[in-house]
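First up is the structure itself, then whatever we jot down about it.
The values are calculated or read from the model by the stated rules, or taken from the named source; none is laboratory data. Please read all numbers here as calculations on a predicted model, not as lab measurements. Positions of Cβ are backbone-derived with ideal geometry, glycine not excepted, and every protein chain shown enters the neighbour counts. What goes into the accessible areas is simple: the full protein's heavy atoms, side chains included, and nothing from ligands, DNA or RNA. Shrake-Rupley method; radii C 1.70, N 1.55, O 1.52, S 1.80 Å.
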Amino acid sequence: MLPDPSALRQRMMEIDWFHRIEIAPGMVTPGKIDPAIRVAGLRLPEDLTGQHVLDVGAWDGFFSFEAERRGADRVVAIDSFCWSGDGWGSRAGFDFARQALGSHVEPVEMEVLDLDPARIGRFDIVLFLNVLYHMRNPALAIERVASVTRRQLILETHTDLNDVDVPAVALYRPGELWQDETSYCGPNLPALEVMLHDAGFDRVEIVGTASKARRMARALLHEREYGIPRERTLRQGWAVVHAYK
Ligand SMILES: C[S@@+](CC[C@H](N)C(=O)[O-])C[C@H]1O[C@@H](n2cnc3c(N)ncnc32)[C@H](O)[C@@H]1O
């Protein structure tokens, strides 16, 4: 029997959401971000029939449920910081959405650095979306993610030092990036390429970056709102990278 929509809505409103997720026709979770607008930029394959997908740092699970919706045979979602209760959120949203959607996504509370094929298996496609810049040791994190990737990694991350043409990683003091104590690093594109190749990916494709106009708009906003010189923010951006074994 379908749950009563008003009871469902009431339970939904009691949760502090990160992702907006349509959990029933016309019923969207009141998340801070709308991940649906990122899907096209990630170039997630339309048809995931038969694929095993791992979503690393899933939080409320939008991308895990999206992979399942696109036909993936098996989807595993891992998270630790938020799901363990130490982070900005909890697992309540993921559990609620999973139930409301009748989903079979498998949640596993696990640290990125604990990823190990002997514990969790290997996956045709691994999603590593907006987690890398939280890592104190990005190269090691990419190595662990590579160890559980059978074929393709889809990586999305904040970048920095985009004006430097050799591999380089910016490190942040606590709270320096977006006043977020947990943002530690911003690699540039050459650094991402080096780390991914070193971790065993043969082919690395940068499939998306922030446009200059968007970076300028953000730099002006941050200068006005937080007093951060625009030259500093202009070096920053984001990237979507596909890496293949
Ligand atoms: C910015 S959110 C991104 C959520 C989602 N992947 C997305 O792109 O919308 C970062 C997520 O990574 C998780 N995370 C941070 N550090 C982690 C770690 N060491 N191991 C596992 N998950 C981690 C956080 O709990 C959070 O859910």
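Pick out, from the range 164-216, the strands (runs of 3 or more DSSP E) lying fully within it that include 3 or more residues that are open to solvent by less than 80 Å² (accessible area, probe 1.4 Å).
Details: elements: 169-171, 185-187, 203-209.
By residue number, 185-187, 203-209.
Six or more apart or on different chains, Cβ atoms under 9 Å: show the pairs whose first residue is in the range 172-188 and closer than 15 Å to Ile228 by Cα and whose second is acidic (Asp, Glu) and buried (at least 22 other Cβ atoms within 10 Å of the Cβ).
Tyr172/Asp160; Leu177/Asp160
Kindly evaluate Ser90 against the criterion of being over 25 Å from Ala139 (Cβ atoms) and at pLDDT below 95.
Numbers: over 25 Å from Ala139 (Cβ atoms): yes; at pLDDT below 95: yes.
The answer is yes for Ser90.
For the range 47-81, name all the residues that are surrounded by 24 or more Cβ atoms within 10 Å (Cβ to Cβ) and at positive phi.
Listed by number, the residues that qualify are Trp59, Gly61.
If you check Gly89 against the conditions, is it surrounded by 18 or more Cβ atoms within 10 Å (Cβ to Cβ), assigned to a loop (DSSP other than H, G, I, E, B) and within 13 Å of the ligand (Cβ to nearest atom)?
Spelling it out, Gly89 is indeed surrounded by 18 or more Cβ atoms within 10 Å (Cβ to Cβ), assigned to a loop (DSSP other than H, G, I, E, B) and within 13 Å of the ligand (Cβ to nearest atom).
Do we find that Asp55 is free of Cβ contacts under 8 Å to residues at least 24 places away in the same chain and of a type in the set (Asp, Glu) in this structure?
On the way: free of Cβ contacts under 8 Å to residues at least 24 places away in the same chain: no; of a type in the set (Asp, Glu): yes.
Here the answer is no, as Asp55 does not meet what is asked.
When only residues in the range 219-235 that are open to solvent by 60 Å² or more (accessible area, probe 1.4 Å) and at pLDDT below 90 count, which is nearest to Val169 (Cα to Cα)?
Filtering the range 219-235 for residues that are open to solvent by 60 Å² or more (accessible area, probe 1.4 Å) and at pLDDT below 90, the one nearest to Val169 (Cα to Cα) comes out as Tyr226.
Looking at the range 25-38, which of its residues are away from the ligand (no atom under 15 Å from the Cβ), free of Cβ contacts under 8 Å to residues at least 12 places away in the same chain and exposed (fewer than 13 other Cβ atoms within 10 Å of the Cβ)?
Filtering the range 25-38 for residues away from the ligand (no atom under 15 Å from the Cβ) gives 25-28, 30.
If we keep only those that are free of Cβ contacts under 8 Å to residues at least 12 places away in the same chain too, we end up with 25-26, 28.
If the condition is that a residue be away from the ligand (no atom under 15 Å from the Cβ), free of Cβ contacts under 8 Å to residues at least 12 places away in the same chain and exposed (fewer than 13 other Cβ atoms within 10 Å of the Cβ), then Pro25, Gly26 are the ones that fit.
Residues that are touching a Ser or Thr at 6+ places or on another chain (Cβ under 7 Å) and either within 23 Å of Leu48 (Cβ to Cβ) or at pLDDT 95 or above (or both): does the range 159-166 have at least one? Spell out how you get there, then give the answer.
Initial filter on the range 159-166 (touching a Ser or Thr at 6+ places or on another chain (Cβ under 7 Å)): none.
Within the range 159-166, not a single residue is touching a Ser or Thr at 6+ places or on another chain (Cβ under 7 Å) and either within 23 Å of Leu48 (Cβ to Cβ) or at pLDDT 95 or above (or both).
So which residues in the range 39-66 are in a loop (DSSP other than H, G, I, E, B), among the hydrophobic types (A, V, I, L, M, F, W, C) and near the ligand (Cβ under 9 Å from one of its atoms)? Quick ask: steps written out before the conclusion?
So the first thing to find is which residues in the range 39-66 are in a loop (DSSP other than H, G, I, E, B), and the list is 43-51, 57-61.
Those left that are additionally among the hydrophobic types (A, V, I, L, M, F, W, C): 44, 48, 58-59.
The answer is Ala58, Trp59.
For the range 100-147, enumerate the residues that are part of a loop (DSSP other than H, G, I, E, B), farther than 25 Å from Thr49 by Cβ and either polar (S, T, N, Q) or more than 10 Å from the ligand (Cβ to nearest atom) (or both).
Of everything in the range 100-147, those that are part of a loop (DSSP other than H, G, I, E, B), farther than 25 Å from Thr49 by Cβ and either polar (S, T, N, Q) or more than 10 Å from the ligand (Cβ to nearest atom) (or both) turn out to be Asp116, Asn130, Asn137.
Only residues that are part of a loop (DSSP other than H, G, I, E, B), near the ligand (Cβ under 7 Å from one of its atoms) and not small (Gly, Ala, Ser): list them for the range 67-84, please. Working first, answer last.
Step one: of the range 67-84, the residues part of a loop (DSSP other than H, G, I, E, B) are 70-73, 80-84.
Next, from what is left, pick out any that are near the ligand (Cβ under 7 Å from one of its atoms): 80-83.
Hits for the range 67-84 are Phe81, Cys82, Trp83.
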